[in-house]
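What follows is a short report on a single structure.
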Amino acid sequence: MSSSSILAGIDFSAPSHVVARRMIGMTVLVDGIGGRIVETEAYDGEDPASHSFSGPSERNIAMFGAPAHAYVYRSYGIHWCLNFVCREAGHGAGVLIRALEPVAGLQTMRERRATDDEWLLCSGPGKLCQALGVTRALNGHPLAQPPFELAAAPEDIEVVTGPRIGISKAVDVPWRFGLKHSRYVSKPFK
């Protein structure tokens, strides 16, 4: 276990589904703007739903890098999506941050998202990247360095699980995690 892979009480060299669950309740800020993670999804190199399943490419090379780094990609050619790389370098695993409860920099988020509705600020991976100002420029960036700031989750949170959203392979794998009863998740858990 490398000390550089341990941030906010989480060992990012662990399997992605373990990290994804542990990230619920953790705070993530980008240039002081962000909130509490309320929804994540795990992906692994051996998972047919993962970008890394077919091996390294120009798009996904950051996923094969060292743990505790950002993997940022475009979804549908429109939205940026923020992932945190897990496992050892070369494996190809990560955690998609699906939703945040906005807590810091709300006015900036409202301006970037052109809405005053707090649920609409960060209730989806594209929305939260727009709200936090995340772009491809952060791809491969270490999570231990600015503009990122991470804080550990409280110990007393309840996590729910379910199948991931918007995929066509490995649809039954229960690697979507959420903060129980959070009104900020992108889609309710059953």
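Computed from the coordinates by the stated procedures, all read-outs in this text should not be read as laboratory data. Worth saying up front: this structure is predicted, and the values here are computed from it rather than measured. Here Cβ is always computed from backbone atoms with ideal geometry, including for glycine, and neighbour counts include all displayed protein chains.
Some notes on this structure:
- You can think of it this way: the chain between ALA151 and THR135 has 3.6 nm of extra reach, that is 0.36 nm per residue less the Cα-Cα gap.
- With R₀ fixed at 35 Å, the C-beta to C-beta distance from ASP31 to ILE61 puts the FRET efficiency at about 0.90.
- Taking a ≥ b ≥ c as the square roots of the eigenvalues of the Cα gyration tensor, an a/c ratio below 1.5 marks segment 111-190 as rounded.
- When you work out D = kT/(6 pi eta Rh) for the chain at 20 °C and 1.002 mPa s, using the Kirkwood radius from C-alpha pairs as Rh and the Stokes-Einstein form, the result is 133 µm²/s.
- A Cβ-based charge dipole, computed about the Cα centre of segment 3-179 with Lys and Arg at +1 and Asp and Glu at -1, lands at about 460 debye.
- FRET efficiency, SER75 to GLU46 (Cβ-Cβ, R0 22 Å, nearest 0.05): 0.50
- For segment 141-184: rounded, prolate or oblate by the Cα gyration tensor [a/c cutoff 1.5]: oblate
- Scoring 138-144, 105-111, 93-99 by mean Cβ neighbours within 10 Å over their residues and listing the highest first yields 93-99, 138-144, 105-111.
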